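Structure, as structure tokens:
The values are calculated or read from the model by the stated rules, or taken from the named source; none is laboratory data. Owing to the predicted nature of the structure, the values given are computational and were not obtained by experimental measurement. For neighbour counting, all protein chains shown are included, and Cβ atoms are generated from backbone atoms with ideal geometry for every residue, glycine included.
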Amino acid sequence: MSQSTDTLVPPSSVPDAEGGPRRYFVTSFGCQMNVYDGERMGEMLSAQGMQAADQREDADLVILNTCHIREKAVARVYSDIGRLKREDGSKPMIAVAGCVAQAEGEEIARRAPTVDIVVGPQAYHRLPQLIEQARSTRKTAVDTDMPAVTKFGALPGRARQPRPSAFLTVQEGCDKFCTYCVVPYTRGAEISRPFADLVEEAKALVDGGVKEITLLGQNVNAWTGDDASGRSQGLEGLIEVLAAMPGLERIRYTTSHPNDMTDGLIAAHRDIDKLMPYLHLPVQSGSDRILKAMNRSHNAASYLAIIDKVRAARPDIALSGDFIVGFPGETEADFQATLDIVRAANYAQAYSFKYSSRPGTPAADMEDQISPEIMDERLQRLQSLLGEQQQAFNQTTVGQRTRVLLEREGRKPGQLVGKSPWLQSVHVVAPGAGIGDLIDVELVSAGPNSLEGQALALVTDLEVIG
Ligand code: SAM
Ligand code: SF4
């Protein structure tokens with residue numbers, strides 16, 4: 001349940017306007033699941049009659065939706081809180097949401113007394129009550145509960161989306177306990193949202209103009225649920241049903257764990273056209289010794305065997321991954337094994353991080369922590385190899401004709417930016433086309449981070465018109 005800490009919030013902080021704050025602004029840090037949570041908080045506040053402010057300065061409620069995965073992300077939150085003070089000494093109502101809120105709870109109010117609300121990722125459906133509580137008590141309202149009844153049932157239905165591509169959280173939490181990771185502590189035990197709820201939410205998104213849905217979970221491929229006839233299904237069963245939904249043109253999912261990469265899901269990449277040829281499958285390290293110390297439960301060979309199967313099912317798949325360099329005890333030989341697995345797997349794109357010691361995780365107490373200098377140097381070598389692979393992948397797609405979902409305007413006049421099936425950003429000038437359209441393009445040139453496309457045809461109702 002929610003509670004108030006003894007720290008009094010400075011009087012200037014809580015808007016006195018009748019009815020509390022009217023305009024909110026949400027800043028989300030970290031992963032796509034935080035982006036989804038931030039959107040749902042906004043939709044809920046709008047449903048309560050508040051308005052989204054165009055910029056933070058205009059808001060009288062600012063929500064910092066935080067990430068706890070690395071130390072740097074946490075430090076950023078506190079510096080951001082400091083920046084919310086305005087020149088005239090006033091400040092908006094401040095809510096700290098997300099994983100830092102969950103991990104630090106009341107400590108946030110002690111370190112940053114200007115914070116009015118602290119709300120964990122499983123309790124944000126109670127934001128309206130917390131706003132009221134903070135206003136009436138003028139004490140920081142804290143709610144880091146992980147209620148048995150999940151927030152999803154308490155949130156309003158999905159609003160019309162501003163973009164053609166939307167996130168849909170299908171699974172939350174994690175039971176895998178990798179020794180470096182805070183997620184099992186901040187997001188709680190693994191839960192799968194019910195099949196029917198997801199189909200309903202996807203339908204609402206599509207009715208609101210969405211053409212592409214990315215299914216989200218910390219371990220999205222661990223999702224299971226019972227379909228309409230009561231049969232237990234894995235993620236591929238959900239994807240199959242969503243693929244039959246008229247108006248939904250593209251499906252993606254992220255992030256997957258190698259252990260939950262079933263043959264059924266791999267086959268879906270072969271059999272379901274709407275499932276895009278992109279797979280984010282983190283390996284973290286190429287050294288079996290380090291993988292064991294990380295409690296990853298896969299090794300380099302088993303990871304590469306999965307990649308082989310995926311490529312046999314879908315030869316053009318764009319492979320993505322996550323890497324951690326400088327895990328405690330990582331030797332130069334271990335790091336070389338990571339470079340080896342990168343060469344063997346051949347990534348289209350990847351994320352790589354320096355190990356960040358997180359309080360309360362087993363790895364934080366391991367001996368032989370690696371120096372920041374060694375981590376920097378290894379990260380540079382890894383990123384240079386991954387960068388070469390990304391550029392090479394982009395180059396292999398030049399000359400191909402493919403379909404792009406237009407998502408936003410580009411910087412140049414008349415330019416639009418969309419996504420290829422392989423999740424590359426494609427810039428294109430396409431008179432007559434607009435955001436939300438699917439167009440056929442020829443990819444004509446590639447840089448490291450984006451490509452140029454030449455428009456061939458606008459696609460309506462999946463019929464190509466010349
Ligand atoms: N569940 C996914 C998996 O097992 O691969 C990953 C989800 S995790 C929230 C996102 C990524 O953050 C991880 O893949 C890992 O590379 C990185 N990460 C997690 N904890 C970290 C830490 N303590 N230091 C550096 N990177 C970390
Ligand atoms: Fe964290 Fe992913 Fe490991 Fe779970 S499986 S503990 S989310 S890295």
State all residues of the range 60-73 that are surrounded by fewer than 21 Cβ atoms within 10 Å (Cβ to Cβ) and away from ligand 2 (no atom under 16 Å from the Cβ); if no residue qualifies, say none. 60, 72
Please indicate, with yes or no, whether at least one residue in the range 160-174 is at pLDDT below 95, more than 28 Å from residue 211 (Cα to Cα), in contact with a helix residue (DSSP H, G or I) (Cβ under 8 Å, 6 or more places away or on another chain) and away from ligand 1 (no atom under 11 Å from the Cβ). no
Please determine whether any residue of the range 353-376 is within 15 Å of ligand 2 (Cβ to nearest atom), surrounded by fewer than 21 Cβ atoms within 10 Å (Cβ to Cβ) and of a type in the set (Asp, Glu). no
I'd like the residue in the range 171-195 that is within 6 Å of ligand 2 (Cβ to nearest atom) and hydrophobic (A, V, I, L, M, F, W, C) and, out of all such residues, is nearest to residue 98 (Cα to Cα). 183
Odd one out for residue 407, checked against (1) under 30 Å from residue 340 (Cα atoms); (2) at pLDDT 95 or above; (3) charged (D, E, K, R): (1)
Exactly one of these conditions fails for residue 290: (1) touching a helix residue (DSSP H, G or I) at 6+ places or on another chain (Cβ under 7 Å); (2) in a helix (DSSP H, G or I); (3) of a type outside the set (Ser, Thr, Tyr); (4) away from ligand 2 (no atom under 16 Å from the Cβ). Give me its number. (4)
Hits in the range 426-448 (condition: in contact with a Gly (Cβ under 8 Å, 6 or more places away or on another chain), within 20 Å of residue 395 (Cα to Cα) and buried (at least 18 other Cβ atoms within 10 Å of the Cβ)): 426, 427, 428, 441, 443
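Counting only residues that are in a helix (DSSP H, G or I) and of a type in the set (D, E, K, R), how many does the range 323-354 have?
First, the residues of the range 323-354 that are in a helix (DSSP H, G or I): 332-345.
Retained after the next criterion (residues that are of a type in the set (D, E, K, R)): 332, 334, 340, 343.
Selection size over the range 323-354: 4.
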Tell me the residue from 144, 140, 179 that is more than 16 Å from ligand 1 (Cβ to nearest atom), surrounded by fewer than 22 Cβ atoms within 10 Å (Cβ to Cβ), more than 18 Å from the chain's Cα centre (by Cα) and of a type in the set (S, T, N, Q), please. 144
